[in-house]
1. Within the range 268-283, can one find any residue that is touching a strand residue (DSSP E or B) at 6+ places or on another chain (Cβ under 9 Å), of a type in the set (Lys, Arg) and closer than 23 Å to residue 213 by Cβ?
2. Let me spell it out: the conditions are (1) of a type in the set (D, E, K, R); (2) surrounded by fewer than 18 Cβ atoms within 10 Å (Cβ to Cβ); (3) within 25 Å of the chain's Cα centre (by Cα), and residue 296 meets all of them except one. Which number is the exception?
3. Residue check, residue 143 against (1) outside any strand (DSSP E or B); (2) modelled with pLDDT of 95 or more; (3) in contact with a strand residue (DSSP E or B) (Cβ under 8 Å, 6 or more places away or on another chain); (4) within 14 Å of the ligand (Cβ to nearest atom), all met but one. Which one?
4. Kindly indicate the residue of the range 122-140 that is surrounded by fewer than 20 Cβ atoms within 10 Å (Cβ to Cβ) and part of a helix (DSSP H, G or I) and also nearest to the ligand (Cβ to nearest atom) among those meeting that condition.
5. Name the one entry in 115, 78 that is outside the structural domain of residue 22 (by TED's automatic domain parsing) and part of a helix (DSSP H, G or I).
6. Here are some conditions: (1) out of contact with any Cys (no Cβ under 9 Å at 6 or more places or on another chain); (2) at pLDDT 95 or above; (3) of a type in the set (Asp, Glu). Residue 133 meets all but one. Which one does it not meet?
7. I'd like the residue in the range 300-337 that is small (Gly, Ala, Ser) and surrounded by fewer than 11 Cβ atoms within 10 Å (Cβ to Cβ) and, out of all such residues, is farthest from residue 213 (Cα to Cα).
8. Just to be sure, is residue 292 near the ligand (Cβ under 10 Å from one of its atoms) and either in a loop (DSSP other than H, G, I, E, B) or touching a residue at least 60 places away in the same chain (Cβ under 8 Å) (or both)?
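The values are calculated or read from the model by the stated rules, or taken from the named source; none is laboratory data. Since the structure is predicted, the reported quantities are computational estimates derived from the model, not experimental observations. Because the Cβ atoms are built from the backbone with ideal geometry, glycine has one as well, and the counts that use them run over all protein chains shown. Each accessible area value is taken on the protein alone, full model and side chains, heavy atoms only, with ligands, DNA and RNA left out. Shrake-Rupley method; radii C 1.70, N 1.55, O 1.52, S 1.80 Å.
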Amino acid sequence: MDTPDLVALESEAMAALDAAQDEASLQTWRVAFLGRKGRLTAVLRSLKELSDAERREVGAASNQLKGRLESGFEARLRALQRSQAALLASERIDVTLPARPLPGGTLHPITLARRQVERVFRDMGFDVVEGPDVEWDHYNFDRLRIPADHPARDMWDTIWVDAVDEERDRRALLRTHTSPMQIRYMDEHQPPIRVIVPGTCYRYEATDATHEWMLTQVEGLVIDEGISFAHLKGTLESFVRRLFGEELETRFRCDYFPFVEPGAELAVRWHDRWLELLGCGMVHPEIIEAQGWDPERYTGFAFGMGVERLAMLQWGINDIRYFYQNDLRFLSQFRGS
Ligand code: PHE
């Protein structure tokens, strides 16, 4: 019988050992080379067929090879275990670690104030609607009895928009108040009307602690048979008392707005000062008539309040500019829904 080629066997075994990437293939390798029916075992079993001299020589070489294969196996096993341990360690997740905080947003203080106003008027049976920020002068001025040459236009510093409706002779602007929605609403609805209109208004003016070029208003309009100034007073007084408390003192004084007659301003007593909160008045009979309604039968009142001013009063804020500076140190102080 030929003497077995131990050199070829060893290099084949070592190559297979290097190729084993996990413990299972390592065990397969051990069965294949060192197991009871393995390749090296077969060599050892065949020794008896050799001559004495060959048996001694090949036997010694086979035993040495067996030792090298066994220690090769051990070394490979330890190496695999080490790299697995390293992998586990590197992928370790500490599930007891508290999660990183996800900062939740809060509502803007003007949104909060506006919703408060809406809730009070909804409770009194008002609908809530919105209108366009970009408006025709027709609704913002003309239909509110403020014709082009009327000095009352100067009451609002207007931001004009580059859009003209030549056919109807209308020019576009950023609405200076929410009052144009009085007209739009009356065009679409019949009395009885009871509605408020929250929305943003814009005025071309320099800013200071009490003036912003953008402001939020809530307009109110009520039209029905037999509505009087007493209804206006009662409605607005119960509104401000719900916001600021039953003890609040209120004051109505004459004021002028071309679309109401009489017109008034409502002020509240706040820290020993009278603070103007809103403009209001009885809807001008010419406006009722222009809608095709009999002003002897239908009367109504309207009001318009600044939401920033309400919020400043309520939270003791002394500069209106804080609202739109996007400073989280300011904004995150307000909580609510
Ligand atoms: N639109 C007026 C303003 O912006 C307020 C107002 C509304 C006055 C309704 C009377 C009636 O100042």
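1. No; the residues of the range 268-283 include none that is touching a strand residue (DSSP E or B) at 6+ places or on another chain (Cβ under 9 Å), of a type in the set (Lys, Arg) and closer than 23 Å to residue 213 by Cβ.
2. (3)
3. With respect to (1) outside any strand (DSSP E or B); (2) modelled with pLDDT of 95 or more; (3) in contact with a strand residue (DSSP E or B) (Cβ under 8 Å, 6 or more places away or on another chain); (4) within 14 Å of the ligand (Cβ to nearest atom), residue 143 is out only on (3).
4. This residue is 138.
5. 115
6. (1)
7. Step by step, filter the range 300-337, then rank; the result is 337.
8. No, not satisfied.
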